[in-house]
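J.: This is the structure I want to talk about, given as structure tokens.
The values are calculated or read from the model by the stated rules, or taken from the named source; none is laboratory data. Computed from a predicted model, the values in this text were never measured in an experiment. Cβ sites come from the backbone with ideal geometry, for glycine too, and all protein chains shown count toward neighbours. When the accessible area is computed, the model is the full protein with side chains, heavy atoms only, and any ligands, DNA or RNA have been set aside. Shrake-Rupley method; radii C 1.70, N 1.55, O 1.52, S 1.80 Å.
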Amino acid sequence: MPVLTAHYSIPLPADYDMGVIHRRVADRSAPWDRRTGLLLKAFCVTDATDGGHNSYAPFYVWDRPQEFAGFLTGPEYAGLCSAFGPVPVHTGTVLACDLGTGPAGHLIVETVPLGPVTDLRDTARAETEHHHAVLADPAVHSHVVDLDPAAMTLTRRTLLHAGGDTPRPKDGERVLRVLHLSRPPHHTAD
């Protein structure tokens, strides 16, 4: 079972050449396809030409926290910050996760504030039911739900199979385009 998620979103100027991000992903994605401790990395963007704003916003699912720590203290994160300035990385504890295979085209992100909850058992049960309902849609590639206990929010991330139309976001959702999806072979912990 995956342990944690990580994501960041780097806002870019409206006139930013998004080809720079496309080339960056093309040049740097191959090692992520073999990364130990990583179950998934979606290299995502939003684009001003799609009616939004420009951003680079990868999303990760890790099953080994020590490998995530190695990312943060290693050359990849240092290179990211060298290119874009300080990059805050947000994490969450995985509550539900099913990861598909093959390419993905879009990532839909919905964050739900929970308020001052002191008992998350009902929340976890409801999210498990919601998770299974989402997976019933054949357009869904993967679905991950995580909890940020500091902000007391749930975030639902739904990857859609490649080849479909760009989904229209519902209220409270963001839609990102997936440039590359890394799904390293799963290795059991030593």
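J.: Quick check for you: with a 1.4 Å probe and neighbouring chains kept, what is the accessible area per residue of segment 67-137, in Å²?
T.: 57
J.: Quick one: if you stick a label point 7 Å off each Cα along the C-beta vector at His186 and Met152, how many nm between them?
T.: Roughly 3.4 nm, to one decimal.
J.: So what is the relative contact order of segment 4-149, in percent, for Cα pairs below 8 Å that sit 6 or more residues apart?
T.: Result for segment 4-149 is 28 percent.
J.: In addition: What does the highest-first list of 113-126, 35-48 look like by mean Cβ count within 10 Å?
T.: 35-48, 113-126
J.: Can you compute the modelled spin-label distance between Thr49 and Asp33, with each label point 7 Å from Cα toward Cβ, in nm?
T.: Here the modelled spin labels are 2.5 nm apart.
J.: Measure off, as a whole percent, the carbon and sulfur share of the 1.4 Å-probe accessible area of the chain, all protein chains present.
T.: C and S fraction of accessible area: 55 percent.
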